[in-house]
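What follows draws every value from the coordinates through simple rules; no lab data is involved. Note that this is a predicted model, so its numbers are computed, not measured.
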């Protein structure tokens, strides 16, 4: 069996409330994450690989946050996930 090739990009997941009553905070956090990824990529990436931010809206819903966490891990194959400081983050932390 041939070894699997290393991914071309390093995928980092992100979720926060991007709509609803906490959307200002969620969008500010997303913007900060996007700026960080841009800065990292402009300076050579991580271990020479470009970073890609994969993000979703959790709509300030614990159920949605759990679903998003599963999607980021199982479908998007992210290596890490960052999120806001909401109870939705806590709900998804076990994933």
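Rounded to the nearest 10 degrees, the inclination of helix 23-42 to the longest alpha-carbon principal axis of the chain is 10 degrees. Looking at the chain only, what percent of DSSP beta bridges run antiparallel? Nearest 5 please. Close to 10 percent.
The relative contact order of the chain, computed from alpha carbon pairs under 8 Å that lie at least 6 residues apart in sequence, is 38 percent. As a check on your grasp of the helix formula, calculate [θ] at 222 nm for the chain: sum -39500 (n - 2.57) over DSSP H runs of n ≥ 4, divide by the residue count, round to the nearest 500. Taken over the chain, the calculation gives -11500 deg cm²/dmol. Taking 52, 74, 38 in turn, the Gaussian network model of the chain (Cα-Cα springs below 10 Å) assigns the largest fluctuation to 74.
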